[in-house]
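What follows is a set of notes on a single structure, which appears directly below.
The values are calculated or read from the model by the stated rules, or taken from the named source; none is laboratory data. The structure presented is a predicted model; accordingly, all values stated were derived computationally and were not measured. Don't worry about glycine lacking a Cβ; one is built from the backbone with ideal geometry, like all the others, and counts go over all protein chains shown. Note: areas computed on protein heavy atoms with side chains; ligands, DNA, RNA excluded. Shrake-Rupley method; radii C 1.70, N 1.55, O 1.52, S 1.80 Å.
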Amino acid sequence: MPFSRRDFVKTSVLGAVAAGVGTPSKGEDAKPNPVPQEHDVQAGSHKRPIIICANNGYAYLEDAYAFLKNGGDTLDAALKVVKGPEDDPNDDTVGLGGIPNEEGVVELDACCMHGPTRRAGSVGGVRNIKNVSLVSKAVMEHTGHVMLVGEGAERFAVAVGFPRENLLTEHSRKIWLLWKEFHSTDDWWGPGLGDPHWQPPEIRDKPQSELWRERIKNLQARAADLGIEPELQLAAVRKVLFPPTGTIHCSALNDKGEISGCTTTSGLAFKLPGRLGDSPIIGAGCYTDQDVGSAGATGSGEENIKVAGAHTIVENMRHGMPPPEAGMEALKRIVRNYNGDMAKLPFLDMTYYILRKDGAYAGVSLWEGYSKGRPHKIAVHDGNLRAEVTVSLLKGYSQEFPRFPDIPEDLKKGSEYLK
Ligand code: GLY
């Protein structure tokens, strides 16, 4: 392949620096973001009931809030939110239509914790079952276990009444095929020598910018050949170059102070079969303690597992840290795991959703967003439905691996490339 991770790391200019940790970069914005104060990120704080979630749950908050306000259980309210994206074939990060693993098979992960009864359930690497968040609840309610994975989890889901269905939508299949065909010049996927569109491997001594441009144009042409709609072609290219880790977490608190949380995902796009991220890991993707509060995560699963993010945050709150500081401290652990190395940190990202038992909440993230104009957001309903930009530990945007360059304006035209 003409671009390797090493090539990019060597040539990239980095524009951010870790907050109080690590070596400052040579970048232009060598300023850490200040640690936010509680009031910075809690416009409507301390209200109950309240539900917070990743922004892809926004459309489902109104119904779930009404359910919670009418006395519905906190876990059922949170599950109502995350079921929305699981059922939506157009959300390719969760449930039906999730981007598949490297073999083209959708594998889903989820977990939940019910504060009032102090119980938990989890499933990982589940195929053919759409609502894995509900399956995680079924594990909690109908077994003496906490976690089921793979084929066993699928068979359990069928036994308790979940239907088997094909989770791979045509659109996600085409994105996977695009990834497969263009992923490497060293295998037999993609057009062969006899194909009129065949091109020799790119020449390494071209300037990086020219190679990127060609690469994007070629990918776009392949996307068109595969039948991906013109307005979605660049978005598909972006997913091939930057395998997303989209997920949804939701925490819900009622007026009695009962609290629950859940997280569900299709995981890292094009992952190795069997890979589990943080989402099904109690303590990483989600953690709820009825005495303290609830936290959940979206982002680089491998990094979050290493800091047991959600558990760390709840423990920080138990020891007196307000939600924003509790989240920032967990993010700093991720930074510390890389010794603040700014050549590496832009390749990962993390957002935490934090809800304390008294209704105080925070959304914090490692970086400001994916790119300018695409900030990380948390969705909140406490009687007033809104989306709020998270507070980031580091100034700037994550630069994905492989790096997705600025799209030349002429290639961008008419395409929802950021979708
Ligand atoms: N955070 C989702 C994943 O890494 O699978």
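Around ILE378, under 10 Å between beta carbons, what's the net of Lys plus Arg minus Asp minus Glu among the other residues? Around ILE378, the surrounding residues sum to +1.
How much length, in nm to one decimal, is gained on full extension between HIS145 and SER371, taken as 0.36 nm per residue of separation minus their Cα-Cα distance?
Values: separation 226, 0.36 × 226 = 81.36 nm, distance 4.12 nm.
Length gained between HIS145 and SER371: 77.2 nm.
Pairs from the table (LYS344/LYS395; LYS174/LYS217; LYS180/LYS217; LYS372/LYS395; LYS174/LYS372) lying more than 19 angstrom apart at Cα are LYS174/LYS372. Excluding ligands and nucleic acids, what accessible area in Å² is computed for ASP291 using a 1.4 Å probe, to the nearest 10? Ignoring ligands and nucleic acids, ASP291 comes out at about 90 Å². Once you list every other residue whose beta carbon is under 10 Å from the beta carbon of SER365, what net charge do they have if Lys and Arg are +1 and Asp and Glu are -1? Local charge sum for SER365: -1.
Each principal axis of the Cα cloud of the stretch 215-359 was taken in turn, and the coordinate range along them, longest first, works out to 55, 37, 27 Å. Sorting the segments 191-198, 340-347 by their mean number of nearby beta carbons within 10 angstrom, highest to lowest, gives 340-347, 191-198. Here the dipole of the stretch 342-403 is about 140 debye; that uses its Cα centre as origin and unit charges on the Cβ of Lys and Arg (positive) and Asp and Glu (negative).
What the Cβ-Cβ distance of ALA59 and ASN337 gives, at R0 = 56 Å and to the nearest 0.05, is a FRET efficiency of 0.95.
Computed from the alpha carbon atoms alone, the convex hull of the stretch 227-278 holds 122 Å³ per residue.
Checking the cross-link pairs LYS137/LYS377; LYS306/LYS332; LYS239/LYS271 against a 24 Å limit on the alpha carbon distance flags LYS137/LYS377 as lying beyond it.
Distances between placed amide hydrogens fall under 5 Å for GLY369 paired with HIS376, SER398, all partners being 5 or more residues away or on another chain. Here the gap between VAL389 and ALA224, fully extended at 0.36 nm per residue and compared with their Cα-Cα distance, gives a gain of 55.9 nm. Spin-label model, ASN166 to THR117: label points 7 Å out along the Cα-to-beta-carbon direction sit 3.7 nm apart.
How big is the charge dipole of the stretch 222-302 about its Cα centre, in debye rounded to the nearest 20, if each Lys and Arg gets +1 on its Cβ and each Asp and Glu gets -1 on its Cβ?
Details: 6 positive and 9 negative charges, 78 e Å.
Dipole magnitude for the stretch 222-302 comes out near 380 debye.
Each residue, LEU193 and ASN90, gets one label point 7 Å from its Cα in the Cβ direction; the gap between the two is 4.5 nm.
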